[in-house]
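Student: The structure is given below, and queries will be raised subsequently.
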Amino acid sequence: MDQTINGKQHDFHKSGSSIRNILLSLVFLALTYATAFSEITNRIVANVNGEIILLSDLRRELAALKELDRKGSIPTPKGGITPESVLQIMVDEKVISFHAKQTAITIKESEIDKAVENIKASNRFSDKELEKALKQQGITLDKYRKNLKKQMLIRRVTNFEVSGVSVSKEEVKDYYHQNIAEFMSEEKIRVSHIALTLTKDAGSMLKGIAEEKIRSIKKEIDSGADFAELAREYSDDSTARQGGDLGWFKRGKMLPNMEVVAFSLKPGEVGGPIHTPFGLHLIKVTERVEAKPVEFDKVADKIRSKLYNKRYQRKRTAWIKRLRDQAYIEVLY
């Protein structure tokens, strides 16, 4: 037996709601690209239990997945979307479809009807508009329904075989406490500034005047003058009317030399003068929020989902490997 596909895991296969969310869109987009590749000279790129995958099939699926990725409908997998990774998905689907035929699991016509209705609703299509859209791509409604049925059957048999996955509350809590660094809120500061703008071609005289003025303003502040009032009086920036308030900043969101000074200040402290490409600045930190752990209840669902998906994926990968071991798979790409 020629077994040339390994058990490499791919990020396209996600459990639960993510699969349900992209399934119908994937089928629709895959079919949309049918006409575009109809004139490509075909060759066989894989044989799975006697069912072949053509080069045109691979390219059509590759284009559809890249379009979904471009729209942000699917998570971008590590390594990107490549012909090799997409072919592996297609081989997996053939293996699962072959297994599905040997089970009693079926998809009723009424379920396909409902799926079509969902597609029509999400795209705001009437019956005629859907048929028109399919016809423009050289696809009949009957072929479209058959592809839907195949994808729905693959999903159903997978959920049946990869069942019994659960995550306890204790496991969620353990993960939270053991990985608390993942759930720290970011440190942030609220900053106000007084800016004296200088153009790139400003001469040494203008620079000297600006330096003397900014230091004079700093002395006034050190003597007890109100920073916001001085910002309204002297700052060249559009924030002057708001007393120089720039708002909240997390690390990495300010000019580097300004950030170094700003994050070293305590609330109420003033730093500077600071030289930037825009001129000279005095900055004041008015508020500060230190980094701290996010409350467990706010991240519990995220943790549970992460643990569930990891466990589901591990079980699914092992199941597909068993199916591959029993299958005839020849890759010619």
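The values are calculated or read from the model by the stated rules, or taken from the named source; none is laboratory data. What you see is a predicted model; the values in this text were computed from it and never measured. For neighbour counting, all protein chains shown are included, and Cβ atoms are generated from backbone atoms with ideal geometry for every residue, glycine included.
Student: Would you be able to say whether some residue in segment 236-245 is over 13 Å from L196 (Cβ atoms), in the same structural domain as R215 (by TED's automatic domain parsing), surrounded by 13 or more Cβ atoms within 10 Å (Cβ to Cβ) and not polar (S, T, N, Q)?
Tutor: yes
Student: For the condition farther than 30 Å from I320 by Cβ, touching a helix residue (DSSP H, G or I) at 6+ places or on another chain (Cβ under 7 Å), part of a helix (DSSP H, G or I) and in the same structural domain as F98 (by TED's automatic domain parsing), what is the one hit in L148, L153, L134?
Tutor: The unique qualifying residue is L134.
Student: Going by what's in this entry, would K78 be described as modelled with pLDDT under 95 and part of a helix (DSSP H, G or I)?
Tutor: No; evaluated as a whole, the condition is false for this residue.
Student: So, in segment 213-233, exactly how many residues are surrounded by 13 or more Cβ atoms within 10 Å (Cβ to Cβ) and either among the hydroxyl-bearing types (S, T, Y) or in contact with a Pro (Cβ under 8 Å, 6 or more places away or on another chain) (or both)?
Tutor: Of the residues in that region, 3 qualify.
Student: Quick one: which of L265, L255, L280 is among the aliphatic types (A, V, I, L, M), out of contact with any His (no Cβ under 8 Å at 6 or more places or on another chain) and farther than 30 Å from S185 by Cα?
Tutor: None of the other options fit; the residue is L280.
Student: Have a look at P267, P273, P277 and point out the one that is surrounded by 14 or more Cβ atoms within 10 Å (Cβ to Cβ) and assigned by TED's automatic domain parsing to the domain that holds S216.
Tutor: Unique residue meeting the criteria: P273.
Student: So which of R288, R304 is part of a helix (DSSP H, G or I) and either within 30 Å of V95 (Cα to Cα) or of a type in the set (K, R) (or both)?
Tutor: Selected residue: R304, the only one of R288, R304 that is part of a helix (DSSP H, G or I) and either within 30 Å of V95 (Cα to Cα) or of a type in the set (K, R) (or both).
Student: May I ask you to say which residue of I194, I180 is loosely packed, with under 14 Cβ neighbours inside 10 Å and not assigned by TED's automatic domain parsing to the domain that holds N49?
Tutor: Selected residue: I180, the only one of I194, I180 that is loosely packed, with under 14 Cβ neighbours inside 10 Å and not assigned by TED's automatic domain parsing to the domain that holds N49.
Student: Which one is nearest to the chain's Cα centre (by Cα), of the residues in segment 279-333 that are over 23 Å from V86 (Cβ atoms) and of a type in the set (S, T, Y)?
Tutor: Applying the filter and picking the extreme gives S305.
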